Amino acid sequence: MQNINPSRNITRRGRYYLFMGSVALFGGAIAVTLAIMFFFFPLWENLVFSIFRFFMIIAGVLAAALGVGMIVRGMTLQKDNPLAYAVGEALTQFLDGRYTYLRNVSKRRVGYIDAVLVGPPGILTFRIVDYPGTWINERSEWINKDTRGRLRPAKTNPTRECVRDVYALRKFLARHGLDSVPVHAIVVFTSERVALSADGPVVPVCEIPTLYQIMRRDYLAHERIEARTVTDTIDTIIDG
């Protein structure tokens, strides 16, 4: 099995954020500059034009702020995912060369996905977290213990995050003529200090030591796509 970081996706997405951020920042700066000039050299002296100048300033400031945010986002995109790398390395001892594990997947029309495994059974989408403590999954809901040891609804929901990634990836593949490729999901906890339990989980949940056993029950149970489709799917995720 190959454990790959498709860095071209990250670089391409970073350039997109930088370009769009620069456009927004430049456009906002122009709008604010023109609005200020209109205070000293007004084209018309009436209420409508005064309101127009005011909205130009507001729109310009918002556009500039958005541009700065996009530039910062483009410069700080995560270059790799150490947790996803560790999960991939754990799988290399079980899976053969027919499987490709892509970590740190970042695409404009998909968003960010921790990792995807592509092989004859289709795609397995990973949501990988390192949360310590007690975590209980009941179907699609999560409960954990607070610092006082009280059970409470978790502030984050790995199941829903993973399902969101699955839907986004399915739409992306459908746009590239790969809507027949099945997309599965799994949530993996990597912390050594976690107590994990599940009751009828909507998405399978596990820790790294039990990952392969859980995968065998569902994802690895059947080979669903041909080798050519596997290759096309990998190429699409990397370059599509």
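The values are calculated or read from the model by the stated rules, or taken from the named source; none is laboratory data. Keep in mind it's a predicted model, so treat the numbers as computed, not measured. All Cβ positions, glycine included, derive from the backbone under ideal geometry; neighbour counts span all protein chains shown.
Figures for the structure shown
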| quantity | calculated |
| --- | --- |
| Count of residues meeting criterion [of a type in the set (Lys, Arg), surrounded by 12 or more Cβ atoms within 10 Å (Cβ to Cβ) and assigned to a strand (DSSP E or B)] in region 135-194 | 1 |
| Given (1) farther than 30 Å from Arg224 by Cα; (2) in contact (Cβ under 8 Å) with a residue 40 or more places away in the chain; (3) in a loop (DSSP other than H, G, I, E, B), index of the condition Met70 fails | (3) |
| Enumeration of residues in region 208-235 that are assigned to a loop (DSSP other than H, G, I, E, B) and surrounded by 11 or more Cβ atoms within 10 Å (Cβ to Cβ) | Asp218, Glu223, Arg224, Ile225 |
| Answer residue from region 3-38, given it is modelled with pLDDT of 85 or more and hydroxyl-bearing (Ser, Thr, Tyr) and is farthest from the chain's Cα centre (by Cα) among those | Thr33 |
| Filtered residues of region 39-77 (kept if over 27 Å from Gly21 (Cα atoms) and touching a helix residue (DSSP H, G or I) at 6+ places or on another chain (Cβ under 7 Å)) | Phe39, Pro42, Leu43 |
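To keep it simple, each residue is scored yes or no on (1) in contact with a Phe, Trp or Tyr (Cβ under 9 Å, 6 or more places away or on another chain); (2) closer than 30 Å to Tyr212 by Cβ; (3) not in a helix (DSSP H, G or I).
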residue: Ala24; (1), (2), (3): no, no, no
residue: Gly28; (1), (2), (3): no, no, no
residue: Ala31; (1), (2), (3): no, no, no
residue: Phe39; (1), (2), (3): no, no, no
residue: Pro42; (1), (2), (3): yes, no, yes
residue: Phe55; (1), (2), (3): no, no, no
residue: Gly60; (1), (2), (3): no, no, no
residue: Tyr85; (1), (2), (3): no, yes, no
residue: Ala90; (1), (2), (3): yes, yes, no
